[in-house]
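The values are calculated or read from the model by the stated rules, or taken from the named source; none is laboratory data. What you see is a predicted model; the values in this text were computed from it and never measured. Note: ideal-geometry Cβ built from the backbone for every residue, glycine included; neighbour counts use all protein chains shown.
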């Protein structure tokens, strides 16, 4: 197992901890934190700072009935929520997004496959399956694109990304990530682009289609 | 490995545990309702003030306070004083709950790091964490008012990640040592877990 070298930067971890990070990116951060001890420590540190703000940011008196309600509910039975455990290369947060099922892949051609986990006006997040030597498809983005490697590796102009590494790209980065030799590369990719079902074509064809 | 129970309150207090940590451990290990009641009195008004600052009305804020405090009681077994301050742990529960309510969906959360009984932190580790948290609060208090307001806004969820990045005056560096020490603790605990296999 190689060391994770590409981590979640502080501003994204702060936004994730505070809950202001849009859901597609939040899934990437939650998955990376499940794979990376260093970022788990960072997450806990940001929680400590959030706790300091909670302690000192001001109080509002609560109604008396609130406390009696809460105390009365302590012994009430609670339905247990399902907890989806890590399965293969998919950590818990991805299994939760998949509701415990195996990914259902859709072919994008050239052996590349995707499985969309969620998508709305805030952006989208999907699993990508890229055979060795193939380009990682462009997710189509205006702002931030996050790509987390779950299996295998890819390389581009900026470096090498193995399991657990997360690549951050903005619209200014011209890059062509290619899956390395070895097992197929499986990634979790989030973008702020709204979900478009038909326009997701391999990156090398994009100049032709102008998307 | 012997069964680990809550530290003795007298020696723990003398060793530097905060009152909130002692209450939380009594809730976790003894299901102590008096200790929970004390935690409620401390945190419920802070939670309500915190939640209302992000624009929620009093009634809805109290509904969230109720759910957060019930989660504190029900998930107390996940509280690890060697890794988290009570305030940080409750902060995360509150933010998660608030976002679930606003977005009507469960926000993605990382896997829990479960530890076995053998890796229960010792008192010095807990006290070390308390000291870090106290230093963090002091560092916050020393900030200029506009810097402090930015930190509050960031952790209330009022700033986007782009805004947090562009706020170069945001003293996120204050948590660098906390991250380093936290990582050492996690590595130590996971080493213990492996040796227990």
- Task: Evaluate the following for residue A:177: is it touching a helix residue (DSSP H, G or I) at 6+ places or on another chain (Cβ under 9 Å), surrounded by 16 or more Cβ atoms within 10 Å (Cβ to Cβ) and free of Cβ contacts under 8 Å to residues at least 60 places away in the same chain?
- Result: yes
- Message: What's the number of the only condition in (1) touching a residue at least 40 places away in the same chain (Cβ under 8 Å); (2) crowded, with 18+ Cβ neighbours inside 10 Å that residue A:89 fails to meet?
- Response: (2)
- Item | In region B:15-40, the residues that are in a helix (DSSP H, G or I) and more than 14 Å from residue B:73 (Cβ to Cβ) | B:15, B:19, B:20, B:21, B:22
- Message: Can you find a residue that is outside any loop (DSSP other than H, G, I, E, B), facing another protein chain (nearest Cβ under 7 Å) and either more than 17 Å from residue A:165 (Cα to Cα) or touching a helix residue (DSSP H, G or I) at 6+ places or on another chain (Cβ under 6 Å) (or both) anywhere in region A:76-85?
- Response: no
- Note on the structure: Given (1) surrounded by fewer than 24 Cβ atoms within 10 Å (Cβ to Cβ); (2) within 9 Å of chain A (Cβ to nearest Cβ); (3) closer than 27 Å to residue A:39 by Cα; (4) modelled with pLDDT of 95 or more, residue B:93 misses just (2)
- Item | Unmet criterion (only one of (1) surrounded by 23 or more Cβ atoms within 10 Å (Cβ to Cβ); (2) under 15 Å from the mean Cα position of the chain (by Cα); (3) not in a loop (DSSP other than H, G, I, E, B)) for residue B:73 | (1)
- Of all residues in region A:47-75, count the ones that are within 34 Å of the chain's Cα centre (by Cα) and part of a helix (DSSP H, G or I). 10
- Note on the structure: The number of residues in region B:98-110 that are at pLDDT 90 or above and either over 28 Å from residue A:98 (Cβ atoms) or surrounded by fewer than 21 Cβ atoms within 10 Å (Cβ to Cβ) (or both) is 2
- Query: Right, residue B:113: in a helix (DSSP H, G or I) and modelled with pLDDT of 70 or more or not?
  - Reply: no
- Note on the structure: Of the residues in region B:76-88 that are touching a helix residue (DSSP H, G or I) at 6+ places or on another chain (Cβ under 7 Å) and assigned to a helix (DSSP H, G or I), the one that is surrounded by the fewest Cβ atoms within 10 Å (Cβ to Cβ) is B:77
- Message: Looking at the structure I just gave you, is residue A:64 more than 9 Å from chain B (Cβ to nearest Cβ) and closer than 30 Å to residue B:59 by Cα?
- Response: yes
- Sort through A:6, A:32 and tell me the only one that's touching a strand residue (DSSP E or B) at 6+ places or on another chain (Cβ under 6 Å) and assigned to a loop (DSSP other than H, G, I, E, B). A:6
- Kindly list the number of the only condition in (1) within 11 Å of chain B (Cβ to nearest Cβ); (2) in a loop (DSSP other than H, G, I, E, B) that fails for residue A:138. (1)
- Based on what the data block shows, is residue A:69 at the interface with chain B (Cβ under 7 Å from one of its Cβ atoms), modelled with pLDDT of 90 or more and either out of contact with any helix residue (DSSP H, G or I) (no Cβ under 6 Å at 6 or more places or on another chain) or farther than 22 Å from residue B:99 by Cα (or both)? yes
- Query: Looking at this structure, is residue A:44 touching a residue at least 12 places away in the same chain (Cβ under 8 Å), within 28 Å of residue A:149 (Cα to Cα) and either assigned to a loop (DSSP other than H, G, I, E, B) or in contact with a helix residue (DSSP H, G or I) (Cβ under 6 Å, 6 or more places away or on another chain) (or both)?
  - Reply: no
- Taking into account only those residues within region B:141-175 that are at pLDDT below 80 and in contact with a helix residue (DSSP H, G or I) (Cβ under 8 Å, 6 or more places away or on another chain), which is farthest from the other protein chains (Cβ to nearest Cβ)? B:169
- Which one of the conditions (1) assigned to a helix (DSSP H, G or I); (2) at pLDDT 85 or above does residue B:138 fail to meet, given that it meets all the rest? (2)
- Message: Condition first: touching a helix residue (DSSP H, G or I) at 6+ places or on another chain (Cβ under 9 Å), part of a loop (DSSP other than H, G, I, E, B) and more than 20 Å from residue A:28 (Cα to Cα). Can you find one or more residues in region A:113-135 that meet it?
- Response: no
